[in-house]
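Worksheet for the structure shown next.
The values are calculated or read from the model by the stated rules, or taken from the named source; none is laboratory data. Bear in mind that the values here come from a model prediction, so they are computed numbers and not experimental data. Cβ atoms come from the backbone with ideal geometry, glycine included; neighbour counts cover every protein chain shown.
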Amino acid sequence: MTSELRVMSIYEGFFSGGARVLHSAVVAGLHTAGGHRHSVLSIHGAMRRETVLQRMEDDACYQGLRAAGVAVSSLGRRVGGSAGAARRTFSATEVATAAGHAGDADIVLTLKEQPLRLVNRPEFPRRPVIVCLHRSDPENQGSALADLRTAVADGRIAAAICCAESTRTAYAAAGIPAGLLRVIPNGVDLSRFRPVPVRRRAAVRRAVGVPVKATVVTLAARYDPMKDVPLFLRSARAFLMRDPSGHVLLCGAGMSTANAELCGRLTDVFAGEPRLLSRVHLLGIRRDMEAVYAASDVVALTSVSGEAAPLCLIEGAMCGAVPVTTDVGDSADLVAGHGLVTNRDPDAISAAWAEAAQRREEFGPALLRSRERFSQTRMIASYAALIEHVYRDAGLRVR
């Protein structure tokens, strides 16, 4: 019998997104550090998000987990399926498969609250559950908040990890007991997300069709209403009108010419000034975001809701891009001292981008001083400490 602590994470599915990137980094880090043996169960084997269909095996997080030696399995659900409440039901085979995996674990982690509809099934083994929360709007998560409340009432939830203070505040206001809510701030791999030499920065710019001396603003986000892409595009038009050397990059799921809705919005926003579109670059999903950030002067966020501690602001800042954000979630705190917060007016946003680019060298020392605050190593150690505390506490209660 192994002495390792066996931890199983449940994902709704694998697809491009900051929460999955972060959680997968935690799982891989804990698994390879020793003392833990991690596994992942995905409810779906493929997911459609925005305009992109992603098979589990093609996802970068899946590949990273497998490379770290983490066992990853799936219930094999097909994308789509029947509508409405039927999607929430599980077959006897699916429940038995999940129960078998959970039976081999000491602790269960769920990536967000959505997988709790499976954990709440009476056939699911009683294991201490830690739910990992990554948003600041629990009321906008469909039935997920109700599932979390059910799991809490049933005594299944041992702890809830909040990635930001705004997350803890929002879930406490939604009725989740404060004693369960623990804040572990997001962190990133500082060996990956760091400034690059001037030559490398120039090469990345040339590769995406951006002049070496251009002023570059990057939005790294999926095409989703919470990101308020229309506001970003209106701000981009104002910025490009203001700065003849300006260029704008959009990265993420749905940020490509394959997205007809996005292309339509571009046509509408830039009506009368189509020449500006030559300086708007749709890059889609990228696996080299550290290079894209390092080639940028500004990393922007125009989200209207839902954000907690956006990874794009942290990753971009660690690569030397100045973060400029709307005041959502913990974003203002994340950029304090080395970035700017703006209101939701396109002219104000574009002016803030221009100011941030001009002050990039001024912000440089503050960005360097903030690096340890956003260390992934610190974050992983905090996850490990909480997981082990929950396990010890569960053992004491049983005895």
*So which pairs qualify, if the first residue must be in the range 127-152 and farther than 16 Å from Leu181 by Cβ, the second must be at pLDDT 95 or above and of a type in the set (Val, Ile, Thr), the Cβ gap must be under 8 Å, and the two must be at least 6 apart or on different chains?*
Arg127/Ile107; Arg127/Val108
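Can you confirm whether the range 380-390 contains a residue that is among the small types (Gly, Ala, Ser), assigned by TED's automatic domain parsing to the domain that holds Leu250 and touching a residue at least 12 places away in the same chain (Cβ under 8 Å)?
The answer is no, given that none of the residues of the range 380-390 is among the small types (Gly, Ala, Ser), assigned by TED's automatic domain parsing to the domain that holds Leu250 and touching a residue at least 12 places away in the same chain (Cβ under 8 Å).
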*Test: residue in the range 206-220 that is part of a helix (DSSP H, G or I) and within 23 Å of the chain's Cα centre (by Cα)*: no
*Checklist (1) over 24 Å from Pro346 (Cβ atoms); (2) modelled with pLDDT of 95 or more applied to Ala203, failing item*: (2)
_If the requirement is being within 19 Å of Ile314 (Cα to Cα) and either β-branched (Val, Ile, Thr) or without any contact (Cβ under 8 Å) to a residue 12 or more places away in the chain (or both), which of these qualifies: Val188, Val208?_
Val188
*Which numbered condition trips up His247, out of (1) touching a Lys or Arg at 6+ places or on another chain (Cβ under 6 Å); (2) part of a helix (DSSP H, G or I)?*
(2)
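Taking Arg135, is it under 30 Å from Ser3 (Cβ atoms) and charged (D, E, K, R)?
no
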_Which numbered condition Ala352 fails, given (1) assigned by TED's automatic domain parsing to the domain that holds Arg234; (2) surrounded by fewer than 19 Cβ atoms within 10 Å (Cβ to Cβ); (3) part of a helix (DSSP H, G or I)_ = (2)
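To keep it simple, each residue is scored yes or no on (1) among the charged types (D, E, K, R); (2) in contact (Cβ under 8 Å) with a residue 24 or more places away in the chain.
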{"position": "Ser3", "(1), (2)": "no, no"}
{"position": "Arg20", "(1), (2)": "yes, yes"}
{"position": "Leu30", "(1), (2)": "no, yes"}
{"position": "Arg49", "(1), (2)": "yes, yes"}
*Say we look at the range 196-226 and pick out the residues that are among the basic types (Lys, Arg) and farther than 15 Å from Leu240 by Cα; which of these is surrounded by the fewest Cβ atoms within 10 Å (Cβ to Cβ)?*
Arg199
*asked:* When the residues of the range 374-389 are narrowed to those that are surrounded by 19 or more Cβ atoms within 10 Å (Cβ to Cβ) and aliphatic (A, V, I, L, M), which ends up nearest to Pro128 (Cα to Cα)?
replied: Ile387
_the range 355-373 - residue that is in contact with a strand residue (DSSP E or B) (Cβ under 9 Å, 6 or more places away or on another chain) and either aromatic (Phe, Trp, Tyr) or not in a helix (DSSP H, G or I) (or both) and, of those, surrounded by the most Cβ atoms within 10 Å (Cβ to Cβ)_ = Phe363
*For the range 281-347, which strands (runs of 3 or more DSSP E) that fit wholly inside it have 3 or more residues that are at pLDDT 95 or above and of a type in the set (Val, Ile, Thr)?*
322-326
